[in-house]
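Here is the structure we will look at.
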Amino acid sequence: MSGTRVVSKEELNEQFNYITEVRTIISSRFLGKAPLALTHTYGCQGNVADGERIDGLLSEMGFEFTDKPEEADFILFNTCAVREHAEDRVFGNVGALKKYKEKNPNLIICLCGCMVQQEHVSERIRKSFPYVDIVFGPHALHRLPELLYYSLTNGERIFSVADSDGVIAEGLPTKHTNSLKAFLPIAYGCNNFCTYCVVPFVRGRERSRKYEDIMEDARQLVADGYKEIMLIGQNVNSFGNDFGEKNLFAKLIREINDIPGDFIIRFMTSHPKDCSEELLLAMKECEKVERHIHLPFQCGNNRVLSEMNRRYTREHYLSLVNRARELMPDISITSDVIVGFPGETYEEFQDTVSLVKEIGFTSLYIFIYSPREGTKAAGMPDPISHEEKSRWFAELQKAQEEVAFSRSQGMKGNVYRVLCEGRNKAGRISGRTSGNIMIEFDGPDSCVGNFCNVEVTEPLTWILKGELR
Ligand code: SAH
Ligand code: SF4
């Protein structure tokens, strides 16, 4: 793990001391009543997992939680930088906080996450959002107690956004958002530098957590009664490469699969260039690993894939899908696509449409290309208008809708083992099949939180309707 900086026990102890200090300050300031925190996370599972650590730290410091900004004493937005749209939403929501700060000058407003790790963004906050008190990037998350301590004691604005290759901080308290499904981070950062993507700039270099630390967490999650463990990382398939080990991810899922208990395993995201035969075999042979792989292909045209620096071809992607289906005929495949990468022509875009039709994805996350400052693609000529790209987007969406509808029709009459998550607004139980497709049915409360067998009676495009068997 050369070059990876693991936050030392001493540094973490220092943060735990700050936790105690903050607890003391707020209990005298709030006269024994717990202050209320509103936290909101945008973006990917990695960010959600960070948000769970932020909530864990805030809980330890004596905060309770609210979703009403008017009664909050502390408001934190854990932001995403992956597309401009995500950033615009954050700026809009931060603007709306001004009135709460005017009403309650003691309110502490905090922005963290990927977006603020970009220099132009932190500068904009410094200049245009003077009522934001604390700003910190993903590399400083474990220092939240210290930052809050200084904000409470000297009232000055705090910016902790220094560039870094990233750290690993183990042992932070975690407040899980879901009592059934847990995210388990296995690696942080990314080394791939896809030319459109800001993640390697804001999240630092790829660094795998220690194998045994992950196993310990997995055993604990099972012991705590979690029914689904989702292993997360920007590129789970290259887990362990920074230790100089190959195929460690396949070994990891086999070993988690061997933990006794009734639970399922999912993982994301898989990069096609690192999706190995060993991983597919492990998926096939591990009964707890669900029959679903999220395998973003981004584009169906080889010239554009090369410009994106994805390091695989359309043909390689197709061969992976064919192999996965040979081993697991019922595997559900989902993907991400970018429409309108700089220089992409309509003819090249048609290769994406044809790939979508050929593969038959269960579902697809389609994004219009969004230029990200500092990335290579942001400097490439991009002559196609946004309106034109929106038309391509709609065309691809329609193609995928047809694919998904005909795929789901083939599921009628099948019985799936479903992890039941809760009741929806209509009072029906809802859960997900092994392939991660939403299914709803009538059933007793005892289904919730358990696995039930459900027959598909009415397959719709994105959701299945069924009956308990
Ligand atoms: N590490 C994951 C993806 C993380 S970002 C992977 O490589 O698969 C999630 C998705 O956002 C990407 O798969 C991509 O489709 C999309 N995305 C990333 N940067 C983007 C950009 N600049 N514009 C539009 N979509 C983007
Ligand atoms: Fe971004 Fe590519 Fe890394 Fe995914 S693999 S996070 S798309 S650079």
Does F263 meet the test of being in contact (Cβ under 8 Å) with a residue 24 or more places away in the chain and more than 16 Å from ligand 1 (Cβ to nearest atom)? yes
Report whether or not W392 is of a type in the set (F, W, Y), in contact with a helix residue (DSSP H, G or I) (Cβ under 6 Å, 6 or more places away or on another chain) and closer than 30 Å to H85 by Cβ. yes
Qualifying residue in segment 406-429 (condition: within 30 Å of V304 (Cα to Cα) and out of contact with any Cys (no Cβ under 8 Å at 6 or more places or on another chain)): yes
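Tell me the helices (runs of 4 or more DSSP H) entirely within segment 292-394 that contain at least 1 residues that are free of Cβ contacts under 8 Å to residues at least 12 places away in the same chain and under 25 Å from the mean Cα position of the chain (by Cα).
Numbers: elements: 302-307, 314-327, 346-359.
The qualifying helices (runs of 4 or more DSSP H) are 302-307.
For a quick check of your reading: which helices (runs of 4 or more DSSP H) sit entirely within segment 32-121 and have at least 2 residues that are within 16 Å of ligand 1 (Cβ to nearest atom) and touching a strand residue (DSSP E or B) at 6+ places or on another chain (Cβ under 7 Å)?
Details: elements: 45-60, 84-95, 98-103.
Filter on segment 32-121 gives 45-60.
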Within segment 340-377, the residues that are aromatic (F, W, Y) and within 30 Å of I463 (Cα to Cα) are F349, F361, Y365, F367, Y369
Output for segment 191-215, where each listed residue is within 11 Å of ligand 2 (Cβ to nearest atom) and assigned to a helix (DSSP H, G or I): V199, P200, F201, V202, R203
Restricting attention to segment 27-67, and to residues there that are among the aromatic types (F, W, Y) and in contact (Cβ under 8 Å) with a residue 40 or more places away in the chain, which single residue is surrounded by the fewest Cβ atoms within 10 Å (Cβ to Cβ)? F30
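Looking only at segment 159-190, filter to residues that are part of a strand (DSSP E or B) and within 16 Å of ligand 2 (Cβ to nearest atom); which one of those is farthest from F243 (Cα to Cα)? Walk me through how you get there before you give the answer.
Step one: list which residues in segment 159-190 are part of a strand (DSSP E or B), which gives 159-160, 167-168, 181-185, 187-188.
If we keep only those that are within 16 Å of ligand 2 (Cβ to nearest atom) too, we end up with 185, 187-188.
On the way: P185: 17, A187: 12, Y188: 14 Å.
By that ranking, first place goes to P185.
Restricting attention to segment 210-226, does a residue exist that is under 19 Å from the mean Cα position of the chain (by Cα), within 16 Å of ligand 1 (Cβ to nearest atom) and over 20 Å from L12 (Cα atoms)?
No; the residues of segment 210-226 include none that is under 19 Å from the mean Cα position of the chain (by Cα), within 16 Å of ligand 1 (Cβ to nearest atom) and over 20 Å from L12 (Cα atoms).
Bear in mind these aren't lab numbers, they're just calculated from the coordinates by the rules spelled out. Since we're looking at a predicted model, the values are computed, not measured. Note that we place each Cβ from the backbone using ideal geometry, even for glycine, and neighbour counts take in every protein chain shown.
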